[in-house]
Amino acid sequence: MMGKVNFGTDAYVLSNFSTNKPEGSFLLRHEGLVEFHFFGKKDEREQVRTLMEKAVKSGRIKGYRVEPNYFHFEVEPSLRIQHLKASEKLPVIVGSQLTLECIITGSSRMEVKWYKDGFPINKRTSHQRMWTAFVPKNSQDQFTYLLGFDRTDILDAGVFTCEVVEWGNVDKKQIQIYTRAPPQPKLTPLTATVKEDDRIELYCLLQEDASEKFGYTWLKNGEILNPSKEPEIIEDLFRTGSRMVITSIKSSATYTCIVTSSAGRTSRNSIITVLKFNQNIAVCPMQHFKGLIWNLTAANSLHKLYCPKGFKGTVSRYCNARQNLAEWEDPDFSGCLAKDFIEIRNRFRTLEIGYIQNNLSFILAELNQYLQRRAERMYPGEGEPVVDLLKDIDTFLHKQFVHKGHIDDDTELILDIVSRLLTYPHLIQKQSRLSKIHQLVLNRGLMTPGDVQLFHRDTLVLEKKQVVGGGVHILSFPNLAAPNVDLTREGGWRSKWLKDKLNLTVDFVQFLPVRENVTIATVFYRNLSLFLPPRILAKRESEDLGVHQLYSRVVGIAMMVGRNITKLKDGAVKIRLSLQPNEETVDSAHILTCGRIDYSQETFQYFLDGCHRVSIGKQVVCLCDQIGTFTLLLSSAPTMAKEDIQQGFKTVTGTGCVICISFLCLTLLVLVLSWRNISGAITALKIQFTSTVIGFYIIFLRNLCGSLSQEYYPHLVSLLAFLLLGAFCTLLCVVLTVYVEFVNLQTIHHLELKIVAMGWAVPVIVLGATLAAQVPDGFEFESWWLIKGTKFFYAFLSSGSIVIALYIMMYVTVKTELREHEKFDSTILKKVLNRKRLVNCSLCVLVALIAGLVIFIVFIAYAENIRNITMSLTTRFHCPLEEIIHALSLIAYTIWLSPSLVTIIYFLW
């Protein structure tokens, strides 16, 4: 029993008060209330009550006056945890919800704490998946405290303890939680290249206890496999898994094994590539490499194996095709996790999800020792999981309020680990991991406490400086006078390789008037370029891509205002960067420029804007106007100016247009001269079509020769749409006229004349409707071409599509009619054959016209991209730029000439 008595008093301090029986304590409240607590047996309740009533009646307790009109006596049960239970049946399935209920009797002043495996639980670091709640006292005098999990993790397995403390009394209760994850089958082989009609077997085996029932389902190319109709044979291997046997494989396929249990389902894929007898496909031969057997693999495909002994995961290797040959690339072991690393990662994950069983410094020290033991012997790409773990730790640190000393220790350890990773280029193969490392290093510099900090390692130097916003600040990096650098002791400065310097001028008067703390972090890398491709593509705003190579060390700068990483407006910073080139001399055939690296897309992209070179010598000086990452770039070959490339494309295009116009004018002249002998609707339509195409080419050529004033754009767009629609409608009228010639439609007067006129009626109607719809928006056009998003573009596209659809329907109808006359009417066989050739040629003209129109649209809308692709081809295939230009010129000539040449063949048949 616990009794509680409240008295009113005018005193705020009570002393020398004691009772012999039962035991008691008191609490003095600021509002003049004294609360006594007594702990004793239940049958002593009346005795305590009588003693307190006497004290109230007397009006005094040990010399202190008591208010006789206020007295409250309450009895509460003694402290005891009655139940600790889980809301779900054990074991708990990973990913499901779970709630632990701790039901307690006692007073409202109890405090409850939760532990796992004897260590405190911190729900603030649990990714918001863990929560606590309190349910007030119920009718049975029970309080309920809840510990909930929105989604359970495999690491949640363990002993949970509910501990309650009340007035010095402690009670605790424990519950063992078991978790169960979905099955993890092992499918072999993961990939295979076999010959047609070969036999192959696939095994889907369990790696855990097979005491419960598991279901196996096989898919072929994403569809459920039916053994009764498919050649594959499926066999159950009791208690171990399932096997698929293909006695004679015919085609390539992706097979999927799905294993289902009460804890969920898991799938694994096996990609089988079949080499056909009649195909000549290059293959990479079988090879023993890095302790693994790499089987024969088709070119341009990936070979996957399970990791060597002592690792978990898979390793992959790409078979690359080069000039009709296939050769192996280096294997990628980034998916292989060593057992020691898995233990370290699980320790961090335990801390990350809220279980304070380890501290971060201990985990980082273990990771550093792990790399110290194994870094030199690691497989290619094996360091990438370490980078991912470091990135998770960096995110974890951002979310936590850690003591200053801990941050210093963590930063030192993180930089030790990063330096070890950067010492061995084979550890990191993907640029996305390099981007993470670079961002991690800058973040650590920004988050480290103190005004000035300098961290130097064998592969990098990181410096942090903090100033107060307002005014103009001039800062120099690196600063060897930093307080944490001891140059007197042996090894005090380990970065003697660093010759680069950086001067930063920050003007906060206009851009940051508020006097906040501004933190600047800079990092100088020793050998980051060893992890990057030897040849890269650089860009300056909208200019063409050029082939460059890194020619100095990489320097990164980041800035934080208050607690927010920021990017200041242009003009707020001025950077003077002195970089030492890889070689002191650069020949006249190459150009050395200052480059900026953008890593926001997880890959390194190189730009030539934002910096310019002001001097060259042993140190190249670059002036930059923005925060970022910088290096020197050397052009690997003289690049053509943008104007030269653009003029080359215009010359090709213009020449093609002139030749087309010449051929079409010759065609028009021949048609006009033959009008006297071959007059009629067909000849008129030929003249009409040729005129529209000539008009289209003339407008296009005029705009290539020189830009017109913007006031002419509405007229040109209208005329282009009218001429193009006229060309399509004319072709429709051709097949319609042929149809009329063989169908008895004598009741309609001047039918052929009306059909010819219809070729102009549709464009006039569409153009008139489009002009009327454009009036509310005005006629201020940005281009003379049919640009996507404008009313003219959509009007032309919709009406042109309808006309083409009608043409196809009429073409099919006419062909059927001509075949009937060819079979049953021999008197007009010559005319039928002539019209049959005419209709077939009209289809060729339509296809050629559509192809030419598509190329026109691509040229206008994507001219910049075409030039960029041209530049990239020179890098990918190591071809001179002039050869690529000549090849594209030949293709362009063929495309430009195709509509006019087909038209000439058609009309001069």
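The values are calculated or read from the model by the stated rules, or taken from the named source; none is laboratory data. This structure is a prediction, so every number in the text was calculated from the model and none was measured. In this analysis, Cβ positions are derived from the backbone assuming ideal geometry, glycine residues included, and neighbour counts consider all displayed protein chains. Side chains are part of the model used for accessible areas, which takes the heavy atoms of the whole protein and leaves out ligands, DNA and RNA. Shrake-Rupley method; radii C 1.70, N 1.55, O 1.52, S 1.80 Å.
Just a few scattered comments:
- Size of charge dipole - region 286-429 - debye, nearest 20, with Cβ of Lys, Arg +1 and Asp, Glu -1, no other charges: 520 debye
- Segment residue 794-residue 275, length gained on full extension (0.36 nm per residue, minus Cα span): 182.1 nm
- Share of carbon and sulfur in the accessible heavy-atom surface of region 63-218 [1.4 Å probe, %]: 47 percent
- FRET efficiency estimate (nearest 0.05) - Cβ-Cβ, residue 138 to residue 329, R0 51 angstrom: 0.15
- Each of the peptides 425-433, 624-632, 106-114, 722-730 was scored by the mean count of other Cβ atoms within 10 Å over its residues; in descending order, highest first, they stand as 722-730, 624-632, 425-433, 106-114.
- Once backbone amide H atoms are built at 1.01 Å from N, residue 629 has 557, 597 as its partners under 5 Å, excluding neighbours fewer than 5 places away on the same chain.
- Basic side chains Lys and Arg get +1 at the Cβ, acidic Asp and Glu get -1 at the Cβ, and with that the dipole of region 174-331 about its Cα centre reaches some 240 debye.
- Near the amide H of residue 469, within less than 5 Å, lie the amide hydrogens of 516, 517, 518, all on another chain or at least 5 residues away, with H placed in the peptide plane.
- Counting charges near residue 428 (Lys, Arg +1; Asp, Glu -1) among other residues having Cβ under 14 Å from its Cβ returns a value of -1.
- Protection proxy ranking of 360-370, 605-615, by the mean of other Cβ atoms within 10 Å over each peptide's residues and highest first, is 360-370, 605-615.
- Highest mean first, the peptides 347-354, 177-184 sorted by other C-beta atoms within 10 Å per residue fall in the order 347-354, 177-184.
- Using heavy atoms of the protein chains and a probe of 1.4 Å, the accessible area assigned to residue 444 is about 10 Å².
- Residues whose amide H lies under 5 Å from that of residue 198, counting only those 5 or more places away or on a different chain, are 249; hydrogens are built 1.01 Å from N in the peptide plane.
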